[in-house]
1. Out of the residues in region 37-82 meeting the condition of being of a type in the set (Ser, Thr, Tyr) and within 12 Å of the chain's Cα centre (by Cα), tell me which one is nearest to the ligand (Cβ to nearest atom).
2. Given GLY22, GLY59, which one is crowded, with 18+ Cβ neighbours inside 10 Å, small (Gly, Ala, Ser) and in a helix (DSSP H, G or I)?
3. Before we move on, is GLY90 touching a Phe, Trp or Tyr at 6+ places or on another chain (Cβ under 8 Å) and part of a loop (DSSP other than H, G, I, E, B)?
4. Being farther than 17 Å from ILE69 by Cβ, within 12 Å of the ligand (Cβ to nearest atom) and of a type in the set (A, V, I, L, M, F, W, C) is the filter here, so list the residues in region 1-36 that pass it.
Amino acid sequence: MERYRHHVLVCTGGFCSPDRRGRALYALLPELLAREGLLFGPDRVKRGETPCLGVCADGPIVVVYPEGIWYADVTPALLERIVVEHLKRGHVVEEAVMHRLEVTRPSPGPA
Ligand code: FES
């Protein structure tokens, strides 16, 4: 599989946004990624849709890995900011973050 820098998951389910706005976001995503040069090459963004991310409120929900940043209430305008600011420039859109993955690292063993 070709290397990629980010993985974006878009919830297209009907519980977090009953009108399923996630579907329109997911359809918009490749267009934004293509415009920003993020569909191919070293900064490639892999994308996927999912029927549920286990939040089921305040959607659509969008998650970006490897940072483990969860965005809520994502509109087309916010998705554009996520693509440009987070995926292209590496700056998380802080005001839209609803959760962060907390990675716990094992403590070092005895020397
Ligand atoms: S339906 Fe979107 S998080 Fe559950």
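The numbers here are math on the coordinates, done by the rules we state, and not lab data. Keep in mind that this is a model prediction, so the values were computed, not measured. Cβ placement follows ideal geometry from the backbone for every residue including glycine, while neighbour counts extend to all protein chains displayed.
1. Result: THR50.
2. Answer to the check: GLY22.
3. In short, no.
4. Listed by number, the list holds a single entry, PHE15.
Every residue, every condition in (1) free of Cβ contacts under 8 Å to residues at least 60 places away in the same chain; (2) surrounded by 14 or more Cβ atoms within 10 Å (Cβ to Cβ); (3) of a type in the set (Val, Ile, Thr), yes or no:
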site: GLU31; (1), (2), (3): yes, no, no
site: GLU36; (1), (2), (3): yes, yes, no
site: LEU39; (1), (2), (3): yes, yes, no
site: PRO42; (1), (2), (3): yes, no, no
site: VAL55; (1), (2), (3): yes, yes, yes
site: VAL63; (1), (2), (3): yes, yes, yes
site: ALA77; (1), (2), (3): yes, no, no
